[in-house]
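First comes the structure, then the notes that go with it.
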Amino acid sequence: MKRTVLFVTATICFVITFSSVHASRQSSETIHWGQPNDGVQMSLTSTGSKLQLAFRNISDRDVTLNLGAMMANGKVLLPNNISLNFRDAQGKTRLFKFADKRYPAVAGRLDDYVVPLRAGSTYTLQVTLDQFWCYETKEFSIQLLPGTNYLTAQYEGTAAKLVNLDMPAIKSMNFWLGKVQSNTLTLDR
């Protein structure tokens, strides 16, 4: 009886482990990535009403990304160094910058949104189309038109911008300073 329980437990653990590895391998194979720049790649996928942005370090060295700003000591993350190039179904192109409308003003501390990315690692975040706005056209969200719409995410790395008195050493961090674009995501409506 004890051997049977042990065998069944071992079999279940093997099946679960194999299934997770297989699912993980499948999902990473179906993700499309943009062209790498200095070891960093970016991906944009759609998961229902949300978009998933992923950063991947394909180099053999660790990098640190500055995605934008953090409010309230990291309780609110604002990846405002990310923007979306949008081409609607009528062929009109415009640039949308991240701007979470839940936080239209700042009444406190801001810090840099620091993401350490070890060699071979991936960092993923979710955003929605209503978290972006176009300064040029004053559109406060991306509206998909009937037909085929196209989105390409872009990120430009910066050094520390929000240096506070209690964290002056953040200026000396080795931030990744390149530009990278994701794959182009096709959204049909």
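No lab work stands behind these numbers, since they all come straight from the coordinates. From a predicted model like this one, the values you see are computed outputs, not experimental measurements. Note: ideal-geometry Cβ built from the backbone for every residue, glycine included; neighbour counts use all protein chains shown.
With a Cα cut-off of under 19 Å and a minimum spacing of 8 residues unless on different chains, the lysine pairs in the range 34-188 number 11.
Looking only at the range 57-134, where both bridge partners belong to it, what percent of the DSSP beta bridges are antiparallel (to the nearest 5)?
On the way: 17 of 17 bridges.
Of the beta bridges lying entirely in the range 57-134, close to 100 percent run antiparallel.
In terms of surrounding Cβ atoms within a 10 Å radius of their Cβ, Ile31, Ile142 rank from fewest to most as Ile31, Ile142. Multiplying the residue separation of Lys50 and Thr184 by 0.36 nm and subtracting their alpha-carbon distance yields 46.7 nm.
Modelled spin labels at Leu110 and Lys138, positioned 7 Å past Cα toward Cβ, are 2.3 nm from each other.
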